[in-house]
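All remarks here apply to the structure that follows.
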Amino acid sequence: MEVTYKINRKDPENGGESGYANYQVDLPEDATVLDGLQKIRDEQDDSLAFRASCCQGTCGECAVRINYKAQFTCTTRIGDVTKKAPEVQLDPVRNIAVIKDLVFDMDAFTWDKMAAVKPWMEPDEEFAPTENIVSEKDMADVRKTMSCYQCGLCDEGCAVLPVNFDFLGPGAMVKSYRFVMDPRESGAQMDARMKVVEQPQGLWDCVHCYEADGKCPRGLTPSTKIMEIRDVSFKEGIKNEKVGRHHASFINSVKQTGWLDERKLVMETEGLTNVAGLMKLLPTAVRALRRGKMPGRHEKRPGADQIKRILEKAEDSK
Ligand code: SF4
Ligand code: FES
């Protein structure tokens, strides 16, 4: 079949022009999108840049956007993406600097963030430096996350990264999950690990949109994993001080009055002794006052005691 490849070409390092270039390629229907790219480079334009390594969907190198959806070129059949029209549009994945054409900065996109979560294990001292048997049940979930390709497709779909590129992102947090849940780390090692993943722009900056869950080709549900690490944090004690204050203020407010005291929440999250932090809130408070958005008096609601009992029961059941 005759297919038009519409490829987003960029060459920023050499000041090259950006824009789409069209290539006509003759391919069998069961060819992959990668087959077409290789054919273009072999027969029409050897300056075309793209990545691929394993060519069988196991390394994650070939991730690009195919007709606006991030996928692997090596496992995507041309017949499947040209059902509506014999044209396939290829763009680099979003949220990241392009080096050339479909090749993007993998260090900034994935590797630096993976490295930031300390992707190695520091077992408890009780574990001898010999063979340590851990139960199959304890390792089942951990082993599954070990199959992460580190392809970054979850980061590509993340709702936070487009507005805050410093956010660790779901890919790095899946890597962290692999160690957080490993039974061979606990105590001081676990505390240190949780501090790393709870760093600013980390665990608590996820907005739980669950977009990443639908993007992972391995079905690793990265967003759900982030929520599971949060559960561990609640259980072990929140390490990020600001988040800890926010959580305590939220719970105390609902327990005492049956609903959330938003004014108090903002100030207690910042820290009541943190004068500089509180001063920074002043302009927002003034704007809220002017626009009539400042929350009013906060009084105990009818049924507050019942809400308190429900909360306490939930806390006890953890
Ligand atoms: S969690 Fe899934 S989508 Fe994210 S990097 Fe790993 S394999 Fe790719
Ligand atoms: S080349 Fe390895 S996943 Fe596509």
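The values are calculated or read from the model by the stated rules, or taken from the named source; none is laboratory data. Every value quoted in this text rests on a predicted model; they were computed, and no experiment measured them. In this analysis, Cβ positions are derived from the backbone assuming ideal geometry, glycine residues included, and neighbour counts consider all displayed protein chains.
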TODO: Output the qualifying pairs, or none if there are none: Cβ atoms under 8 angstrom, residues six or more apart or on different chains, first residue in the range 148-169 and on the phi > 0 side of the Ramachandran plot, second residue assigned to a loop (DSSP other than H, G, I, E, B) and away from ligand 2 (no atom under 16 Å from the Cβ).
DONE: GLY169/CYS158; GLY169/VAL160; GLY169/LEU161
Task: Residue list for the range 52-72, filter: outside any loop (DSSP other than H, G, I, E, B) and over 22 Å from TRP111 (Cβ atoms) - done: ILE66, LYS69
- [ ] Give the residues of the range 136-191 that are of a type in the set (Gly, Ala, Ser) and out of contact with any Cys (no Cβ under 8 Å at 6 or more places or on another chain), sorted by residue number.
- [x] ALA140, SER147, GLY152, GLY157, ALA172, SER176, SER186, GLY187, ALA188
- [ ] Could you look through the range 158-192, keep only residues that are surrounded by fewer than 17 Cβ atoms within 10 Å (Cβ to Cβ) and in a helix (DSSP H, G or I), and pick out the one that is nearest to ligand 2 (Cβ to nearest atom)?
- [x] ALA192
Task: Among (1) surrounded by 15 or more Cβ atoms within 10 Å (Cβ to Cβ); (2) more than 26 Å from the chain's Cα centre (by Cα) - the single one SER135 does not satisfy - done: (1)
Open item on the list: I'd like to verify a number: residues in the range 76-121 that are more than 15 Å from the chain's Cα centre (by Cα), within 16 Å of ligand 2 (Cβ to nearest atom) and farther than 19 Å from LEU37 by Cβ, how many?
Closed with: 0
Open item on the list: Quick check on this structure: which one of THR32, THR73 is buried (at least 19 other Cβ atoms within 10 Å of the Cβ), within 16 Å of ligand 1 (Cβ to nearest atom) and more than 20 Å from the chain's Cα centre (by Cα)?
Closed with: THR73
TODO: Could you list all residues from the range 42-57 that are more than 6 Å from ligand 2 (Cβ to nearest atom) and within 22 Å of GLY219 (Cβ to Cβ)?
DONE: GLN56
Open item on the list: Tell me yes or no: at least one residue of the range 193-203 is within 13 Å of ligand 1 (Cβ to nearest atom), over 20 Å from CYS62 (Cβ atoms) and not in a helix (DSSP H, G or I).
Closed with: no
Task: Hey, ALA128 within 16 Å of ligand 1 (Cβ to nearest atom) and either in contact (Cβ under 8 Å) with a residue 24 or more places away in the chain or surrounded by fewer than 18 Cβ atoms within 10 Å (Cβ to Cβ) (or both) or not - done: no
Open item on the list: Report every pair of residues separated by at least 6 positions or lying on different chains whose Cβ atoms are under 9 Å apart, first residue within the range 55-76 and without any contact (Cβ under 8 Å) to a residue 60 or more places away in the chain, second part of a strand (DSSP E or B) and near ligand 2 (Cβ under 6 Å from one of its atoms).
Closed with: CYS62/PHE72; VAL64/PHE72; ILE66/PHE72
Task: Filtered residue count, the range 216-233, keeping only those that are of a type in the set (Lys, Arg) and either within 13 Å of PRO170 (Cα to Cα) or more than 10 Å from ligand 1 (Cβ to nearest atom) (or both) - done: 2
TODO: Test ALA49 against the criterion of being modelled with pLDDT under 95, under 30 Å from the mean Cα position of the chain (by Cα), surrounded by 13 or more Cβ atoms within 10 Å (Cβ to Cβ) and not in a helix (DSSP H, G or I), and give yes or no.
DONE: no
